[in-house]
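The values are calculated or read from the model by the stated rules, or taken from the named source; none is laboratory data. Keep in mind that this is a model prediction, so the values were computed, not measured. Virtual Cβ from ideal backbone geometry, glycine too; neighbours counted across all protein chains shown. Heads up: the accessible areas ignore ligands, DNA and RNA and are worked out on the full protein's heavy atoms, side chains in. Shrake-Rupley method; radii C 1.70, N 1.55, O 1.52, S 1.80 Å.
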Amino acid sequence: MKKIILTLALAALTTLPAFSQKKTLVAKSDTIGQMPEAGRWLDEPPAIEAYKKAKNVIIIIGDGMGTAQVYASIVAQKGHSNFLRFPYSGFSRTFSHNKYTTDSGAGGTAIVTGYKTDNYHIGMLADKTPVKSFLTLCREQGMSSGFVVTSSVLDATPASTYAHVPYRKMYDTISLHMSQCGFDVMIGGGISNFRPENRKDGLAPLDTLLKRGYEITYSLEEMKRSKSNKLVTFFCENYYGPVAPGRDPVLAEGTKKALDILTRNPKGFAMMIEGSQIDWACHNNDAAYMEAELADFEKMLKIVLDFAEKDGNTLVVVTADHETGGLVLTGGNIEKGKNECKYITDGHSGVMVPVFAYGPGAERFTGIQNNIDILPKVFKAMGREFKRIN
(Lines give C-alpha, C1' and ligand atoms only; values in the text may rest on other atoms or scores of the structure.)
Protein backbone atom coordinates (compact mmCIF):
# COMPACT_ATOMS: atom_id res chain seq x y z
CA MET A 1 0.00 0.00 0.00
CA LYS A 2 2.83 2.43 0.92
CA LYS A 3 4.43 1.77 -2.45
CA ILE A 4 1.19 2.64 -4.29
CA ILE A 5 0.74 5.93 -2.35
CA LEU A 6 4.32 7.02 -3.04
CA THR A 7 3.91 6.29 -6.76
CA LEU A 8 0.68 8.34 -6.93
CA ALA A 9 2.32 11.27 -5.09
CA LEU A 10 5.24 11.39 -7.49
CA ALA A 11 2.89 11.27 -10.46
CA ALA A 12 0.89 14.20 -9.08
CA LEU A 13 4.04 16.31 -8.62
CA THR A 14 5.16 15.76 -12.20
CA THR A 15 1.79 16.95 -13.55
CA LEU A 16 1.68 20.23 -11.62
CA PRO A 17 1.63 23.34 -13.91
CA ALA A 18 4.96 25.14 -14.34
CA PHE A 19 3.77 28.34 -12.65
CA SER A 20 3.24 26.54 -9.36
CA GLN A 21 7.00 26.17 -8.94
CA LYS A 22 9.33 28.97 -7.79
CA LYS A 23 10.73 30.59 -10.93
CA THR A 24 12.84 33.67 -11.66
CA LEU A 25 13.24 35.41 -14.98
CA VAL A 26 16.90 35.89 -15.91
CA ALA A 27 18.85 37.08 -18.91
CA LYS A 28 19.54 34.63 -21.70
CA SER A 29 23.29 34.76 -21.07
CA ASP A 30 22.81 34.79 -17.28
CA THR A 31 24.63 38.14 -17.15
CA ILE A 32 23.51 41.40 -15.65
CA GLY A 33 23.14 44.37 -17.98
CA GLN A 34 20.88 42.71 -20.54
CA MET A 35 17.12 42.48 -20.71
CA PRO A 36 15.73 38.98 -19.93
CA GLU A 37 14.58 36.91 -22.87
CA ALA A 38 10.83 36.36 -22.65
CA GLY A 39 9.91 32.90 -21.38
CA ARG A 40 13.37 31.90 -20.10
CA TRP A 41 13.01 30.80 -16.49
CA LEU A 42 15.27 29.18 -13.96
CA ASP A 43 14.35 27.71 -10.61
CA GLU A 44 16.71 30.13 -8.83
CA PRO A 45 18.70 33.20 -9.97
CA PRO A 46 22.42 32.57 -10.34
CA ALA A 47 24.61 33.74 -7.45
CA ILE A 48 26.00 37.23 -7.99
CA GLU A 49 29.52 35.74 -8.28
CA ALA A 50 28.35 33.82 -11.35
CA TYR A 51 27.60 36.99 -13.27
CA LYS A 52 30.12 38.27 -15.76
CA LYS A 53 32.71 40.60 -14.22
CA ALA A 54 33.74 43.85 -15.83
CA LYS A 55 37.24 43.83 -17.26
CA ASN A 56 37.24 47.56 -18.05
CA VAL A 57 35.55 50.53 -16.40
CA ILE A 58 34.71 53.98 -17.74
CA ILE A 59 33.39 56.61 -15.32
CA ILE A 60 31.90 59.60 -17.11
CA ILE A 61 31.17 62.86 -15.29
CA GLY A 62 28.96 65.58 -16.65
CA ASP A 63 30.14 68.49 -14.52
CA GLY A 64 27.08 70.39 -13.24
CA MET A 65 24.72 67.96 -15.01
CA GLY A 66 21.49 67.42 -13.09
CA THR A 67 18.31 65.67 -14.21
CA ALA A 68 17.02 68.83 -15.89
CA GLN A 69 20.18 69.11 -17.99
CA VAL A 70 19.85 65.45 -18.99
CA TYR A 71 16.22 65.86 -19.97
CA ALA A 72 17.07 69.02 -21.93
CA SER A 73 19.54 66.91 -23.90
CA ILE A 74 16.99 64.14 -24.47
CA VAL A 75 14.53 66.68 -25.84
CA ALA A 76 17.16 68.43 -27.97
CA GLN A 77 18.13 65.07 -29.50
CA LYS A 78 14.47 64.51 -30.48
CA GLY A 79 14.26 61.11 -28.85
CA HIS A 80 17.60 59.84 -30.17
CA SER A 81 19.57 60.67 -27.04
CA ASN A 82 22.23 58.21 -25.96
CA PHE A 83 21.03 58.63 -22.38
CA LEU A 84 18.08 56.46 -23.42
CA ARG A 85 20.41 53.53 -24.11
CA PHE A 86 21.24 52.94 -20.46
CA PRO A 87 19.26 50.00 -18.99
CA TYR A 88 19.87 51.04 -15.37
CA SER A 89 19.65 54.41 -13.63
CA GLY A 90 19.47 55.91 -10.17
CA PHE A 91 20.42 59.02 -8.19
CA SER A 92 23.44 60.27 -6.27
CA ARG A 93 23.51 62.47 -3.18
CA THR A 94 26.31 65.00 -3.64
CA PHE A 95 26.84 66.82 -0.31
CA SER A 96 30.47 67.18 0.76
CA HIS A 97 32.11 66.48 4.11
CA ASN A 98 31.61 70.04 5.32
CA LYS A 99 28.94 71.59 3.09
CA TYR A 100 25.35 70.87 2.03
CA THR A 101 26.34 71.97 -1.49
CA THR A 102 29.56 70.54 -2.84
CA ASP A 103 32.12 72.08 -5.16
CA SER A 104 33.80 70.12 -7.96
CA GLY A 105 36.88 69.38 -5.86
CA ALA A 106 34.99 67.52 -3.16
CA GLY A 107 32.42 66.17 -5.63
CA GLY A 108 35.02 64.81 -8.03
CA THR A 109 37.10 63.37 -5.21
CA ALA A 110 34.06 61.54 -3.80
CA ILE A 111 33.29 59.88 -7.14
CA VAL A 112 36.79 58.82 -8.13
CA THR A 113 38.19 57.92 -4.67
CA GLY A 114 35.10 56.84 -2.71
CA TYR A 115 35.70 59.33 0.12
CA LYS A 116 33.92 62.50 1.26
CA THR A 117 36.10 65.54 1.77
CA ASP A 118 35.85 69.27 2.40
CA ASN A 119 35.05 71.65 -0.43
CA TYR A 120 38.10 72.69 -2.47
CA HIS A 121 40.14 69.65 -1.37
CA ILE A 122 41.54 67.43 -4.12
CA GLY A 123 42.35 63.75 -3.63
CA MET A 124 42.55 63.94 0.15
CA LEU A 125 40.35 63.60 3.20
CA ALA A 126 39.24 66.52 5.34
CA ASP A 127 42.23 65.84 7.62
CA LYS A 128 44.51 66.03 4.53
CA THR A 129 45.22 62.30 4.36
CA PRO A 130 45.87 61.51 0.65
CA VAL A 131 43.53 59.00 -1.00
CA LYS A 132 44.00 57.23 -4.33
CA SER A 133 41.62 57.38 -7.25
CA PHE A 134 40.32 54.36 -9.14
CA LEU A 135 42.68 55.24 -12.00
CA THR A 136 45.67 54.94 -9.69
CA LEU A 137 44.37 51.81 -7.95
CA CYS A 138 43.68 50.08 -11.26
CA ARG A 139 47.08 51.14 -12.61
CA GLU A 140 48.70 49.54 -9.56
CA GLN A 141 46.97 46.29 -10.57
CA GLY A 142 48.60 46.36 -14.00
CA MET A 143 45.71 47.94 -15.90
CA SER A 144 46.01 50.93 -18.21
CA SER A 145 44.50 54.23 -17.12
CA GLY A 146 43.74 57.70 -18.44
CA PHE A 147 41.35 60.61 -18.75
CA VAL A 148 39.83 62.95 -21.32
CA VAL A 149 38.30 66.33 -20.35
CA THR A 150 37.13 69.54 -22.01
CA SER A 151 38.62 71.69 -19.26
CA SER A 152 42.22 72.22 -18.22
CA VAL A 153 43.86 68.98 -17.14
CA LEU A 154 44.47 70.84 -13.85
CA ASP A 155 40.78 71.53 -13.21
CA ALA A 156 39.16 70.04 -10.11
CA THR A 157 37.67 66.86 -11.59
CA PRO A 158 40.66 65.61 -13.59
CA ALA A 159 43.00 66.70 -10.79
CA SER A 160 41.07 64.55 -8.31
CA THR A 161 42.21 61.45 -10.26
CA TYR A 162 45.94 62.05 -9.61
CA ALA A 163 46.63 65.03 -7.27
CA HIS A 164 46.53 65.45 -3.49
CA VAL A 165 46.22 69.11 -2.44
CA PRO A 166 44.10 71.03 0.11
CA TYR A 167 43.13 73.73 -2.38
CA ARG A 168 42.00 73.10 -5.93
CA LYS A 169 43.73 76.18 -7.39
CA MET A 170 47.25 75.09 -6.46
CA TYR A 171 47.91 74.62 -10.16
CA ASP A 172 51.71 74.56 -10.01
CA THR A 173 51.65 71.74 -7.45
CA ILE A 174 48.86 69.90 -9.27
CA SER A 175 50.83 69.97 -12.54
CA LEU A 176 53.81 68.40 -10.74
CA HIS A 177 51.54 65.62 -9.48
CA MET A 178 50.17 65.03 -12.97
CA SER A 179 53.64 64.80 -14.49
CA GLN A 180 54.44 61.98 -12.07
CA CYS A 181 51.14 60.05 -11.94
CA GLY A 182 52.01 57.52 -14.65
CA PHE A 183 48.65 57.38 -16.44
CA ASP A 184 48.89 56.18 -20.02
CA VAL A 185 46.83 58.92 -21.66
CA MET A 186 45.84 62.42 -20.49
CA ILE A 187 43.90 64.74 -22.79
CA GLY A 188 42.66 68.23 -21.99
CA GLY A 189 43.68 71.88 -21.97
CA GLY A 190 45.87 74.20 -19.93
CA ILE A 191 49.54 73.70 -20.78
CA SER A 192 50.56 77.08 -19.32
CA ASN A 193 51.40 75.83 -15.80
CA PHE A 194 53.64 73.12 -17.24
CA ARG A 195 56.11 75.69 -18.63
CA PRO A 196 58.84 77.04 -16.30
CA GLU A 197 58.42 80.64 -17.48
CA ASN A 198 54.84 80.66 -16.15
CA ARG A 199 55.68 79.29 -12.70
CA LYS A 200 57.04 80.86 -9.52
CA ASP A 201 59.25 77.85 -8.79
CA GLY A 202 60.81 77.72 -12.27
CA LEU A 203 60.21 73.97 -12.54
CA ALA A 204 59.24 72.27 -15.82
CA PRO A 205 56.63 69.51 -15.46
CA LEU A 206 56.54 69.37 -19.27
CA ASP A 207 60.16 68.16 -19.26
CA THR A 208 59.25 65.60 -16.61
CA LEU A 209 56.55 64.19 -18.88
CA LEU A 210 59.00 63.97 -21.78
CA LYS A 211 61.62 62.24 -19.62
CA ARG A 212 58.99 59.73 -18.49
CA GLY A 213 58.42 58.72 -22.11
CA TYR A 214 55.27 60.63 -23.06
CA GLU A 215 54.63 62.00 -26.49
CA ILE A 216 53.25 65.53 -26.13
CA THR A 217 50.83 66.72 -28.82
CA TYR A 218 49.20 70.11 -29.18
CA SER A 219 46.33 69.56 -31.59
CA LEU A 220 43.77 66.95 -32.55
CA GLU A 221 45.60 66.20 -35.78
CA GLU A 222 48.88 65.56 -33.94
CA MET A 223 46.98 63.44 -31.42
CA LYS A 224 45.39 61.31 -34.16
CA ARG A 225 48.76 60.72 -35.82
CA SER A 226 50.43 59.58 -32.61
CA LYS A 227 51.41 55.91 -32.35
CA SER A 228 52.70 56.19 -28.80
CA ASN A 229 51.45 54.09 -25.89
CA LYS A 230 51.95 57.09 -23.58
CA LEU A 231 50.27 60.28 -24.73
CA VAL A 232 49.51 63.74 -23.36
CA THR A 233 47.50 66.12 -25.50
CA PHE A 234 47.02 69.81 -24.67
CA PHE A 235 44.36 71.30 -26.90
CA CYS A 236 44.77 74.86 -25.59
CA GLU A 237 47.38 77.01 -23.83
CA ASN A 238 45.43 78.47 -20.93
CA TYR A 239 43.09 77.23 -18.23
CA TYR A 240 39.91 78.23 -20.07
CA GLY A 241 39.71 76.59 -23.46
CA PRO A 242 37.36 77.02 -26.43
CA VAL A 243 33.67 76.29 -25.98
CA ALA A 244 31.16 74.27 -28.02
CA PRO A 245 29.99 74.39 -30.76
CA GLY A 246 33.07 76.16 -32.19
CA ARG A 247 35.54 73.89 -30.37
CA ASP A 248 37.25 71.04 -32.18
CA PRO A 249 35.66 67.68 -31.29
CA VAL A 250 38.08 67.20 -28.41
CA LEU A 251 35.75 65.04 -26.33
CA ALA A 252 34.73 62.62 -29.08
CA GLU A 253 38.11 62.34 -30.80
CA GLY A 254 39.98 62.31 -27.51
CA THR A 255 37.79 59.46 -26.30
CA LYS A 256 38.46 57.49 -29.49
CA LYS A 257 42.20 57.99 -29.12
CA ALA A 258 42.18 57.10 -25.44
CA LEU A 259 40.27 53.88 -26.15
CA ASP A 260 42.75 53.02 -28.89
CA ILE A 261 45.66 53.34 -26.45
CA LEU A 262 44.05 51.85 -23.35
CA THR A 263 42.68 48.75 -25.09
CA ARG A 264 46.23 47.67 -26.00
CA ASN A 265 46.64 46.30 -22.48
CA PRO A 266 45.30 42.72 -22.18
CA LYS A 267 44.78 43.27 -18.42
CA GLY A 268 42.11 45.88 -19.06
CA PHE A 269 41.77 49.60 -18.42
CA ALA A 270 40.18 52.29 -16.28
CA MET A 271 39.14 55.63 -17.75
CA MET A 272 37.56 58.90 -16.61
CA ILE A 273 35.84 61.23 -19.07
CA GLU A 274 34.44 64.64 -18.17
CA GLY A 275 32.11 66.96 -20.03
CA SER A 276 33.57 69.86 -18.08
CA GLN A 277 31.91 72.86 -19.64
CA ILE A 278 28.30 71.88 -18.99
CA ASP A 279 29.09 73.38 -15.60
CA TRP A 280 30.58 76.55 -17.05
CA ALA A 281 27.54 77.10 -19.26
CA CYS A 282 25.17 76.75 -16.33
CA HIS A 283 27.27 79.09 -14.19
CA ASN A 284 26.73 81.60 -17.00
CA ASN A 285 22.99 80.75 -17.14
CA ASP A 286 23.52 80.31 -20.88
CA ALA A 287 21.06 77.72 -22.23
CA ALA A 288 22.44 77.74 -25.80
CA TYR A 289 25.98 77.14 -24.52
CA MET A 290 24.69 74.39 -22.22
CA GLU A 291 22.85 72.58 -25.01
CA ALA A 292 25.91 72.80 -27.27
CA GLU A 293 28.04 71.18 -24.55
CA LEU A 294 25.39 68.51 -23.98
CA ALA A 295 25.31 67.78 -27.72
CA ASP A 296 29.09 67.33 -27.54
CA PHE A 297 28.60 65.04 -24.54
CA GLU A 298 26.06 62.97 -26.51
CA LYS A 299 28.59 62.32 -29.28
CA MET A 300 31.08 61.03 -26.73
CA LEU A 301 28.41 58.82 -25.13
CA LYS A 302 27.69 57.19 -28.48
CA ILE A 303 31.35 56.32 -28.95
CA VAL A 304 31.62 54.86 -25.45
CA LEU A 305 28.36 52.90 -25.57
CA ASP A 306 29.07 51.55 -29.05
CA PHE A 307 32.45 50.37 -27.77
CA ALA A 308 30.96 48.84 -24.60
CA GLU A 309 28.21 47.09 -26.56
CA LYS A 310 30.73 45.54 -28.95
CA ASP A 311 33.28 44.73 -26.25
CA GLY A 312 30.87 43.16 -23.76
CA ASN A 313 33.37 43.44 -20.88
CA THR A 314 33.16 47.16 -20.09
CA LEU A 315 31.17 48.82 -17.31
CA VAL A 316 30.12 52.39 -18.09
CA VAL A 317 28.88 54.66 -15.30
CA VAL A 318 27.68 58.20 -16.00
CA THR A 319 26.95 60.71 -13.25
CA ALA A 320 27.66 64.28 -12.13
CA ASP A 321 29.67 65.83 -9.33
CA HIS A 322 26.79 68.25 -8.64
CA GLU A 323 24.08 70.25 -10.39
CA THR A 324 24.78 73.83 -11.50
CA GLY A 325 22.35 76.68 -12.07
CA GLY A 326 19.23 75.22 -10.46
CA LEU A 327 17.95 74.63 -14.00
CA VAL A 328 14.17 74.49 -14.46
CA LEU A 329 12.55 73.43 -17.73
CA THR A 330 9.36 75.49 -17.86
CA GLY A 331 8.21 74.34 -21.29
CA GLY A 332 9.29 73.60 -24.81
CA ASN A 333 8.45 71.62 -27.93
CA ILE A 334 9.38 67.94 -27.96
CA GLU A 335 8.83 67.46 -31.70
CA LYS A 336 11.08 70.43 -32.51
CA GLY A 337 13.60 69.57 -29.82
CA LYS A 338 13.17 72.90 -28.04
CA ASN A 339 13.48 73.64 -24.32
CA GLU A 340 12.48 76.68 -22.30
CA CYS A 341 15.19 77.02 -19.67
CA LYS A 342 15.29 79.10 -16.51
CA TYR A 343 18.04 79.20 -13.92
CA ILE A 344 17.56 80.13 -10.29
CA THR A 345 21.25 80.58 -9.38
CA ASP A 346 24.64 81.10 -10.99
CA GLY A 347 26.17 78.65 -8.52
CA HIS A 348 25.75 75.01 -7.60
CA SER A 349 22.62 73.48 -6.11
CA GLY A 350 22.40 70.63 -3.63
CA VAL A 351 19.91 68.44 -5.47
CA MET A 352 20.52 64.79 -6.29
CA VAL A 353 22.05 64.06 -9.68
CA PRO A 354 21.38 61.12 -12.01
CA VAL A 355 23.45 57.94 -12.30
CA PHE A 356 23.34 55.81 -15.46
CA ALA A 357 25.01 52.42 -15.91
CA TYR A 358 25.62 49.98 -18.76
CA GLY A 359 27.47 46.67 -18.94
CA PRO A 360 28.55 44.01 -16.44
CA GLY A 361 27.50 45.03 -12.93
CA ALA A 362 25.27 47.88 -14.11
CA GLU A 363 22.32 46.68 -12.03
CA ARG A 364 24.16 47.76 -8.87
CA PHE A 365 23.66 51.46 -9.59
CA THR A 366 19.89 51.75 -9.26
CA GLY A 367 18.12 53.55 -6.43
CA ILE A 368 19.37 56.46 -4.33
CA GLN A 369 23.03 56.22 -3.42
CA ASN A 370 25.69 58.42 -1.89
CA ASN A 371 28.35 59.65 -4.29
CA ILE A 372 30.97 57.72 -2.30
CA ASP A 373 29.02 54.50 -2.95
CA ILE A 374 29.75 54.60 -6.67
CA LEU A 375 33.39 53.50 -6.60
CA PRO A 376 32.89 50.52 -4.24
CA LYS A 377 30.12 49.32 -6.56
CA VAL A 378 32.47 49.70 -9.53
CA PHE A 379 35.11 47.61 -7.81
CA LYS A 380 32.58 44.96 -6.85
CA ALA A 381 31.45 44.76 -10.48
CA MET A 382 35.09 44.16 -11.41
CA GLY A 383 35.43 41.41 -8.83
CA ARG A 384 37.78 43.53 -6.76
CA GLU A 385 37.61 44.61 -3.14
CA PHE A 386 37.45 48.28 -2.10
CA LYS A 387 38.90 48.75 1.38
CA ARG A 388 38.29 52.01 3.21
CA ILE A 389 41.13 53.40 5.28
CA ASN A 390 38.75 54.72 7.96
Query raised in the report: When only Cα pairs under 8 Å and 6 or more residues apart are kept, what is the percent relative contact order across the stretch 122-275?
Result: 31
Report task. Would you mind working out the magnitude of the charge dipole of the chain relative to its Cα centre, with +1 at each Lys and Arg C-beta and -1 at each Asp and Glu C-beta, to the nearest 20 Debye? Result -> 1520
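Given 132/310; 52/310; 132/380; 53/169, which pairs have Cα atoms separated by over 27 Å? Write down the numbers at each step before the final one.
Details: 132/310 30 Å; 52/310 15 Å; 132/380 17 Å; 53/169 38 Å.
With Cα atoms farther than 27 Å apart: 132/310; 53/169.
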Query raised in the report: Can you pull the percent of the chain's accessible area that's carbon plus sulfur, 1.4 Å probe, other chains left in place?
Result: 54
Query raised in the report: For the stretch 217-277, with the dipole built from +1 on Lys and Arg beta-carbon atoms and -1 on Asp and Glu ones, taken about the Cα centre, which of 233, 269, 219 lies farthest toward the positive end?
Result: 269
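Can you count the Lys pairs in the stretch 181-262 with C-alpha separation below 14 Å, eight or more apart or on different chains?
Details: 211/230; 224/256; 224/257; 227/256; 227/257; 230/257.
Close lysine pairs found across the stretch 181-262: 6.
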Query - Accessible area expressed per residue, the chain, with surrounding protein chains retained (probe 1.4 Å, Å²) - result: 45
**Report entry** Prolate/oblate/rounded call for the chain, Cα gyration tensor, a/c under 1.5 rounded
**Finding:** prolate
Query raised in the report: Residue farthest toward the positive end of the dipole of the chain, with Cβ of Lys/Arg at +1 and Asp/Glu at -1: which of 379, 367, 147?
Result: 379
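If you put +1 on each Lys and Arg Cβ and -1 on each Asp and Glu Cβ, how big is the dipole of the stretch 88-234 around its Cα centre, in Debye rounded to 20? Write down the numbers at each step before the final one.
Numbers: 17 positive and 13 negative charges, 29 e Å.
Here the size comes out at about 140 debye.
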